[in-house]
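Heads up: the structure comes next, in structure tokens.
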């Protein structure tokens, strides 16, 4: 991937991870916790959300290293679960909100890509090619973000859902094991990418399905 492609990818990734966190914050407010709201995190302004390592350096390293997985994150929004009107319901909904936001973005990028493809047939505008590539990245990035966050390894969003589905005693051990979650995730990404490919198989299949709606994408 050359420098021009990087300039197309990183803005899409940054917007996607920011909307992921905004969704968490917005649903948390709806469920009774205004912590993120008071800190100004329900905004698309990137400044309160950018994590220098997770939003810029880490994804840039993946791009420059020709990784097949493009991933990143924004600053996690602070959530105080005890403020939820219903702790279990609130924790699950807030956790799934970011995933839902990325799935909706993937669909939105698909619709936009279809519109651009139809417009490109009617008008020879060079800039449309750049926009089409951006929408293509938008589909792929958001599907990866959604299904990666569904992996039930703490601190990913899927772990919050699984925690509430486990028996009480087992859920306690599961939460304690969460302190090793980041190490396990890094091991999967860099030492066992084959396992990660299996876990992200639904993202690849859904991407193929969405691309099928775009004229000229195949």
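Some values worked out for this structure:
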item: Any hit, the stretch 205-218, residues being modelled with pLDDT of 90 or more, closer than 20 Å to residue 152 by Cβ and either in contact with a helix residue (DSSP H, G or I) (Cβ under 9 Å, 6 or more places away or on another chain) or in a helix (DSSP H, G or I) (or both); result: yes
item: The lone exception for residue 55 - which of (1) more than 23 Å from residue 186 (Cα to Cα); (2) at pLDDT below 95; (3) under 12 Å from the mean Cα position of the chain (by Cα) it fails; result: (1)
item: Lone qualifier among 90, 72 - being modelled with pLDDT of 95 or more and either over 19 Å from residue 10 (Cα atoms) or in a loop (DSSP other than H, G, I, E, B) (or both); result: 90
item: Counted residues, the stretch 190-204 - those being surrounded by 14 or more Cβ atoms within 10 Å (Cβ to Cβ) and in contact with a helix residue (DSSP H, G or I) (Cβ under 6 Å, 6 or more places away or on another chain); result: 3
item: Subset tally (residues that are part of a loop (DSSP other than H, G, I, E, B) and in contact with a helix residue (DSSP H, G or I) (Cβ under 9 Å, 6 or more places away or on another chain)) for the stretch 151-179; result: 7
item: Qualifying residue in the stretch 7-30 (condition: assigned to a loop (DSSP other than H, G, I, E, B), over 17 Å from the mean Cα position of the chain (by Cα) and touching a residue at least 40 places away in the same chain (Cβ under 8 Å)); result: no
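The values are calculated or read from the model by the stated rules, or taken from the named source; none is laboratory data. Note that this is a predicted model, so its numbers are computed, not measured. Because the Cβ atoms are built from the backbone with ideal geometry, glycine has one as well, and the counts that use them run over all protein chains shown.
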